[in-house]
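The structure appears below as structure tokens.
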Amino acid sequence: MALTDSKLKAMLKGHNDKQPKKVADRDGLGVLWRSTGKVSFVYRYRFDGKPLNVTLGIYTGNEAGITLAEARRKAEQCQAWLAEGRNPATVLKMSKDERLKPVTVKDAIQYWITNYALNNRRNIDRHIMQLEKWIYPRIGDLPLADCETRHWLEVFDAYRKTSPVAAGYCFQLCKQALKYCRVRRYAVSNALDDLTIADVGKKQGKRDRILSLSELRDVLHWSGELTTNRYYGNMAYLLLAFGARSQELRLSEISEWDLDIGTWTVPAAHSKSNTKIVRPIPDSVKPFIQDLIEQAQGSESPYLLGELKRPEAVSQSGRMIWKRLQHRESWTWHDLRRSLATHLNDAGIAPHVVELILGHSLPGVMAHYVHTSRLTEQKAALELWQNLLNDEVGDNVVSIRG
């Protein structure tokens, strides 16, 4: 006969037998009734052909224990786990361990960083700095299961006031981290599922700033005349010369430059596309590269620019140069790259050559049939680019930096 609340309350008085009594309820649920009056709900089942049991809780008749209804619900959950091929005792133990030491927000994000982001995300060091500044100090120690959508929004609302684009990007990182943890059953949270970038910040707008040749020449002259902090002057010149990404130059090591062959090989680890990029070095640029190599070797630095600066510092520096040059519209380092592509296309350079210079993957069928770096064509295009920058026409052009 099934148990009732009145029967359970009567059991609290105990019994006179030395051995505990087993009283069945239904669906594998029963109680272990001791002479002292202790009543434990026990679920009995078979797993891998073996008879097993697991304690679901203690009946006390008050809030300190669990009720008969709660015990029956737990027994139903055990049946569901069995149907999935899971051992109820193992699942309950894992749940108990999680309650004793819950996975925090920081734990979950660190799990994603360690198992995924370190090997698959570019600029992960910069992303970790964002998390350490904005996420961890505010909600990092909260149990992930208790961190609700409103808690996340409080963080991102504060971040958005400072930098809405960065807030949106940080949100994407956190949302990906929580999904990764959920898929791998490390921890579960759906707090960010219904939010979009627009709820917490804004997407980075697509820029279309193209510097005129006159403006580009201003940058070229500024790069040579800069007497303090030569790092940024050198970076500006090389970005102009190659149309490279600032990351490629910031991370560039001396070993990537072969002046005998005349190539700069960007390793896959330094490129946004995760592929090796080979660029020819214009003849007029080689003496400048040679000087940088000698200076870096003299200071025992492996980096072409003599040191490794943080990406935030490099980006911020590039955003301020337009003011120093009194240009009417703002521009960034990346706009120099776009400007090179635009002016070379206008000069009649084939689009696929420009794409190779930029380090882009070729589109469509070209990706299958053009497997060479076409260094001769690239070099001719970059030599032409030097002519345009120096406002010189014809052969035997002498760079202002040569």
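Name the residue that is surrounded by the most Cβ atoms within 10 Å (Cβ to Cβ), counting only residues in the range 93-123 that are touching a Leu at 6+ places or on another chain (Cβ under 9 Å) and modelled with pLDDT under 85. Only one residue tops the list, namely 121.
Scan the range 20-54 residue by residue and report those that are assigned to a loop (DSSP other than H, G, I, E, B) and in contact with a Lys or Arg (Cβ under 9 Å, 6 or more places away or on another chain).
Initially, the range 20-54 is screened for residues assigned to a loop (DSSP other than H, G, I, E, B), giving 20, 25-28, 34-38, 48-49.
20, 25, 26, 27, 28, 34, 35, 37 - these are the residues of the range 20-54 that are assigned to a loop (DSSP other than H, G, I, E, B) and in contact with a Lys or Arg (Cβ under 9 Å, 6 or more places away or on another chain).
Return yes or no: is residue 355 modelled with pLDDT of 90 or more, of a type in the set (Asp, Glu), surrounded by fewer than 18 Cβ atoms within 10 Å (Cβ to Cβ) and on the phi < 0 side of the Ramachandran plot? In short, yes. Just name the residue that is modelled with the lowest pLDDT out of those in the range 247-281 that are among the charged types (D, E, K, R), within 21 Å of residue 313 (Cβ to Cβ) and not in a strand (DSSP E or B). The qualifying residue modelled with the lowest pLDDT is 272.
Residue 11 meets all of the listed conditions (1) closer than 21 Å to residue 93 by Cβ; (2) touching a Phe, Trp or Tyr at 6+ places or on another chain (Cβ under 7 Å) but one, namely (1).
Does residue 266 satisfy the condition of being farther than 18 Å from residue 236 by Cβ, crowded, with 19+ Cβ neighbours inside 10 Å and either among the hydroxyl-bearing types (Ser, Thr, Tyr) or assigned by TED's automatic domain parsing to the domain that holds residue 353 (or both)? Don't jump to the end; show me each part of the working.
Values: farther than 18 Å from residue 236 by Cβ: yes; crowded, with 19+ Cβ neighbours inside 10 Å: yes; either among the hydroxyl-bearing types (Ser, Thr, Tyr) or assigned by TED's automatic domain parsing to the domain that holds residue 353 (or both): yes.
So residue 266 fits the description; yes.
Within the range 277-304, residues that are assigned by TED's automatic domain parsing to the domain that holds residue 256 sit with their Cβ atoms under 6 Å from residues that are surrounded by fewer than 15 Cβ atoms within 10 Å (Cβ to Cβ) and small (Gly, Ala, Ser), at 6+ positions apart or across chains, in these pairs: 284/402; 287/402. All of 301, 330, 339, 284 fail the test of being crowded, with 18+ Cβ neighbours inside 10 Å and either assigned to a loop (DSSP other than H, G, I, E, B) or touching a Ser or Thr at 6+ places or on another chain (Cβ under 6 Å) (or both), apart from 284. Among residues of the range 158-175 that are outside the structural domain of residue 136 (by TED's automatic domain parsing), none has a beta-carbon under 6 Å from a residue that is assigned to a helix (DSSP H, G or I) at least six positions away or on a different chain.
Condition first: acidic (Asp, Glu) and at positive phi. Now tell me which residues in the range 203-238 satisfy that. Steps first, please.
Keep residues of the range 203-238 that are acidic (Asp, Glu), which gives 208, 215, 218, 225.
Once the filter is applied, which keeps residues that are acidic (Asp, Glu) and at positive phi, the range 203-238 yields nothing.
Taking first residues from the range 180-194 that are among the β-branched types (Val, Ile, Thr) and partners that are surrounded by 12 or more Cβ atoms within 10 Å (Cβ to Cβ), the Cβ contacts under 6 Å between residues at least 6 apart in sequence or on separate chains come to 188/182. Of all residue pairs spaced 6 or more apart or on separate chains, those with beta-carbon atoms under 6 Å, a first member in the range 135-157 that is farther than 9 Å from residue 105 by Cβ and a second member that is surrounded by 15 or more Cβ atoms within 10 Å (Cβ to Cβ) and among the aromatic types (Phe, Trp, Tyr) are 156/171. So in the range 153-180, with the set limited to residues that are touching a Leu at 6+ places or on another chain (Cβ under 8 Å), within 20 Å of residue 121 (Cβ to Cβ) and of a type in the set (A, V, I, L, M, F, W, C), which one is surrounded by the fewest Cβ atoms within 10 Å (Cβ to Cβ)? Once the filter is applied, the top-ranked residue is 173. The residues in the range 43-68 that are surrounded by fewer than 17 Cβ atoms within 10 Å (Cβ to Cβ), among the hydrophobic types (A, V, I, L, M, F, W, C) and more than 18 Å from residue 8 (Cβ to Cβ) can be counted, and the count is 2.
The values are calculated or read from the model by the stated rules, or taken from the named source; none is laboratory data. No experiment lies behind these values; they were computed from the predicted model shown. All Cβ positions, glycine included, derive from the backbone under ideal geometry; neighbour counts span all protein chains shown.
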